[in-house]
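To start, the structure under review is shown below, and the notes come after it.
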Amino acid sequence: MRYYLTLSAWGLALLQSVLGGEAGKAVVEQRTESFTIALNGPVAGVTPLFGPVREAEWAPEWSPRFIHPAQGAQEEGVVFTTSGHSKDRLWLLTAYDVREGRVEYVVVIPALTASEIKIRVVPDGEKHCKATITYRRSALTPEGNEEVAKLDADWAKEQRIHWEKAINAALAKGWHP
């Protein structure tokens, strides 16, 4: 409970600093979108692929720069940055539980958006599983509304197809954790 209170206080302080105390006056949007993928591996073998280190096995463009710990890790509390579409993103891994099939992140594009990404991996037979990925994106400023609007059913369909194909291709290469 203390972890969540600290995270909430951290988030509120960040929001106030990004918005300059104008959070109540800005017209900002929030949107949630989910998709589910079918994967050819067990929960314990697939879940690590959603961690910040192992994602590169199916997403070759994935290139995190680790802040804490500097060498990177697959555990709660990892902090890192990525660059994409000319915008730097700050990531915090808030939950990582392979046994439970749970991976969660908070991602901030300063002065633009804050997002939550929740991944749940559940068994689907003996050697298969399904992963549901849920994004909740919040604009931090009116300019962030454009990024929030991109999170729609078409985006989710594209992500579902890409993630399922890429992760299953990595699994088919025969590696096992």
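Just want the ordering: 66, 35, 50, 80, from fewest to most Cβ atoms lying within 10 Å of their own Cβ.
Going from least to most buried by this count: 66, 35, 80, 50.
Please enumerate, by chain and number, the lysines with C-alpha under 19 Å from the C-alpha of residue 87, excluding those fewer than 8 residues away in the same chain.
Within the straight-line limit of under 19 Å, residue 87 reaches these lysines: 150.
Counting other beta carbons within 10 Å of each Cβ, put 133, 161 in order, fewest first.
Lowest to highest Cβ neighbour count: 161, 133.
Separation of region 49-104 and region 108-137 by C-alpha centroid, Å?
Result: 13 Å between the Cα centres.
Once you sort the root eigenvalues of the Cα gyration tensor of region 104-176 as a ≥ b ≥ c, which label holds: rounded (a/c under 1.5), prolate (a/b larger than b/c) or oblate (the other case)?
Because a/c hits 1.5 or more and a/b exceeds b/c, region 104-176 counts as prolate.
What's the exposure ranking of 162, 85, going from fewest to most Cβ atoms within 10 Å?
The most exposed by this proxy come first: 85, 162.
Which of the aspartates and glutamates could be linked to residue 127 by a straight reach, that is with a Cα gap under 17 Å, when you skip same-chain ones fewer than 8 residues away?
100, 164
Looking at region 85-129, which GluC sites (Glu not before Pro) are DSSP coil and have at most 15 other C-beta atoms within 10 Å of their C-beta?
Qualifying residues, ordered by number: 100, 126.
Bear in mind these aren't lab numbers, they're just calculated from the coordinates by the rules spelled out. Predicted model, so just to flag it, every value in this text is computed and none were measured. Note: ideal-geometry Cβ built from the backbone for every residue, glycine included; neighbour counts use all protein chains shown.
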